[in-house]
Amino acid sequence: MSTAAQPPADHGPHKAHEAPPDAPHEALPFTEVQSGAEFTELRRSYRSFAFPLTIAFVLWYLLYVLLSNYAGGFMGTKVVGNVNVAFVFGLAQFVTTFLIAWWYSRHAAAKLDPKAEAIRARLENDAPRGEGDA
């Protein structure tokens, strides 16, 4: 007879943050938060900014690509000296990218971060403290 400890019983595949299937069914705090109105508003604020802006940028980029491929005469039109429309559109792609990044950081700081911080603080305050917590 072996004195080695037996490995714990395998309860099947489950994620590390989930309780085993035979554990009592109590909602985890983050599951409650995720289904709550506060988190729904945070997600709505993010999506209402990010999705339309992403769609607009992709359309702007596709316009640039399509004009480059199918409107060579227009894109080759000189604007100033040797600078043509294609070059201006290409630079505008970079400018647009940086403007969107700047705009999103301002949006996140003003609208998303305070809501996320409030949710995080509430979760941390509601969480039970372990033995090592002070």
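Run down 49, 57, 89 and say which single residue is within 17 Å of the chain's Cα centre (by Cα), in contact (Cβ under 8 Å) with a residue 24 or more places away in the chain and more than 20 Å from residue 39 (Cα to Cα).
57
Please give the helices (runs of 4 or more DSSP H) falling wholly within the stretch 1-105 in which 1 or more residues are out of contact with any helix residue (DSSP H, G or I) (no Cβ under 7 Å at 6 or more places or on another chain), under 30 Å from residue 126 (Cβ atoms) and modelled with pLDDT under 85.
29-34
Need pairs with beta-carbon distance below 6 Å; first residue free of Cβ contacts under 8 Å to residues at least 24 places away in the same chain and more than 13 Å from residue 50 (Cα to Cα) and within the stretch 94-107, second part of a helix (DSSP H, G or I) and of a type outside the set (A, V, I, L, M, F, W, C); sequence gap 6+ or separate chains.
none
The values are calculated or read from the model by the stated rules, or taken from the named source; none is laboratory data. Because the structure is a prediction, the values reported are computed rather than measured. So basically every Cβ, Gly included, is an ideal-geometry build from the backbone, and we count neighbours across all protein chains shown.
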